[in-house]
Amino acid sequence: MSPALQLPVTPADRAACPATDVLRRVGEKWSVLVLAVLRERPHGFNELDRTIHGLSRRILTRTLRTLESDGLISRQQTPERVEYALTDLGRSLLPLVIAVGEWAVAHASDIEQARARMHG
């Protein structure tokens, strides 16, 4: 059950809302993709860099740091490399994100039709 929405909704309310923070993170261009890649197994930095095309090393570094600071991934130094893996917290978020992606795929034509009606 979702919490009751108190009206009016102020900017302070939005800033303090935990859901807003999480939705902002999963709405970022690269965060969900990194989480999805780490779903199967841990990856090293260079491996992630080679796996995700179009993502600069600088943005990959920033994305990894942010996901780690949120507790969604872990960073561990091994003798061979730095390795990134999903944490239990990240693993618990991933099915929800995947469900949104599946919903988007299932309803893509509905959304396209609605946009065409609105802008057509």
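Every helix of 4 or more DSSP H residues in the chain counts as -39500 (n - 2.57), and over all residues that averages to -18000 deg cm²/dmol at 222 nm. For the stretch 25-64, the Cβ-based charge dipole about the Cα centre amounts to some 120 debye (Lys, Arg positive; Asp, Glu negative; other atoms uncharged). For Ser92 and Asp49, FRET efficiency with R0 = 30 Å and r from the beta-carbon atoms, rounded to 0.05? Once the sixth-power term is evaluated, E becomes 0.70. Sites listed here are GluC sites (Glu not before Pro) in the stretch 35-98 whose DSSP assignment is loop and whose Cβ has at most 12 other Cβ atoms within 10 Å: Glu40, Glu80. Normalised by the number of residues in the stretch 50-120, the mean separation of alpha-carbon contacts (under 8 Å, six or more apart) gives a relative contact order of 17 percent.
Short to long, the 10 Å bins of the Cα pair-distance histogram for the stretch 30-70 hold 29, 66, 5 percent of all pairs. Gain on full extension, evaluated as 0.36 nm per residue between Asp70 and Ala99 minus their Cα-Cα distance, stands at 8.4 nm.
Modelled spin-label separation between Arg58 and Thr10, with each label point placed 7 Å from Cα along the Cα-to-Cβ direction: 3.8 nm. Computed extension length for Cys17-His107: 29.6 nm, one decimal, from 0.36 nm per residue of separation with the Cα-Cα distance subtracted.
Estimated at 0.36 nm per residue, the fully extended path between Arg41 and Glu28 surpasses their Cα-Cα distance by 2.5 nm.
With coordinates expressed along the principal axes, the C-alpha atoms belonging to the chain extend over 55, 35, 26 Å, beginning with the largest. Scanning the chain for trypsin sites (Lys or Arg not before Pro) in DSSP loops with at most 15 neighbouring Cβ atoms within 10 Å leaves 40-80 as the longest stretch between them.
Coordinate-derived values only; no laboratory data. Owing to the predicted nature of the structure, the values given are computational and were not obtained by experimental measurement. In this analysis, Cβ positions are derived from the backbone assuming ideal geometry, glycine residues included, and neighbour counts consider all displayed protein chains.
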